[in-house]
Amino acid sequence: AQSVSQHNHHVILSEAASLELGCNYSYGGTVNLFWYVQYPGQHLQLLLKYFSGDPLVKGIKGFEAEFIKSKFSFNLRKPSVQWSDTAEYFCAVNAAGYGNNRLAFGKGNQVVVIP
Amino acid sequence: DAGVTQSPTHLIKTRGQQVTLRCSPKSGHDTVSWYQQALGQGPQFIFQYYEEEERQRGNFPDRFSGHQFPNYSSELNVNALLLGDSALYLCASSPGQGSTDTQYFGPGTRLTVL
């Protein structure tokens, strides 16, 4: 089974600061990787995903993530955050293959951006 | 295009009772998954339904059961409720069972067990 670790559960930063959230997974096979975001009062939304190809993937709202296979990592980044980026961010993984789209989530990062 | 919808929004039950939660998938989606999200935790996979059958199951006891209807909507049933079952229950739908079939989440049902 896959497992996901997210560190620094609570992050507080000022507008225009850079954001990087770490995500490490454990699984010996090929994986697909996801970042979901939950804005206050809203449901989980997909931010970006990686299946194969270029390990640097770009998502919505200026977010990007880099897959480093050797480190089992999929870190999320944004060069300059806005107050509207205040949300909870979840990293998730599944095992590549048909019939395997169940997701294993990390515990999440609560990010607060101060205006 | 309606996304994933869930009902009810909130529910309060007492220990030992039974509860049924409902989910309608996004249009065009035939696969429904259920997740439990305890406070301060990430969602945990309960099970997945496809073609009206349970296809995958997470580490949850048999008190948790489900059903999928011909119109792809789904129910989650929990029997003999425990205090520890208090959580946000999320439904997610996808256009298939493939690992690259992205899951879209509903707003969730907040269950409180007293």
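Computed from the coordinates by the stated procedures, all read-outs in this text should not be read as laboratory data. Note that the structure is predicted; figures quoted are calculated from it, not measured. Here the Cβ is made from the backbone with ideal geometry for all residues, glycine too, and neighbour counts use every protein chain on show.
A few points about this structure:
- Some residue of region B:15-33 being within 9 Å of chain A (Cβ to nearest Cβ), touching a residue at least 40 places away in the same chain (Cβ under 8 Å) and either out of contact with any Leu (no Cβ under 9 Å at 6 or more places or on another chain) or polar (S, T, N, Q) (or both): yes
- Residue that is nearest to A:Trp83 (Cα to Cα), among those in region A:14-34 that are away from chain B (no Cβ under 12 Å) and not in a loop (DSSP other than H, G, I, E, B): A:Ser14
- Reported count of residues in region B:37-65, each being away from every other protein chain (no Cβ under 14 Å) and either surrounded by 13 or more Cβ atoms within 10 Å (Cβ to Cβ) or within 30 Å of A:Asn109 (Cα to Cα) (or both), is 4.
- Just one of the listed residues (A:Leu103, A:Leu56, A:Leu44, A:Leu76) is more than 11 Å from every other protein chain (Cβ to nearest Cβ) and either touching a residue at least 40 places away in the same chain (Cβ under 8 Å) or of a type in the set (Ser, Thr, Tyr) (or both), namely A:Leu76.
- Conditions (1) buried (at least 17 other Cβ atoms within 10 Å of the Cβ); (2) out of contact with any Leu (no Cβ under 9 Å at 6 or more places or on another chain); number of the one not met by A:Gly99: (1)
- So B:Val4, is it buried (at least 21 other Cβ atoms within 10 Å of the Cβ) and more than 12 Å from every other protein chain (Cβ to nearest Cβ): no
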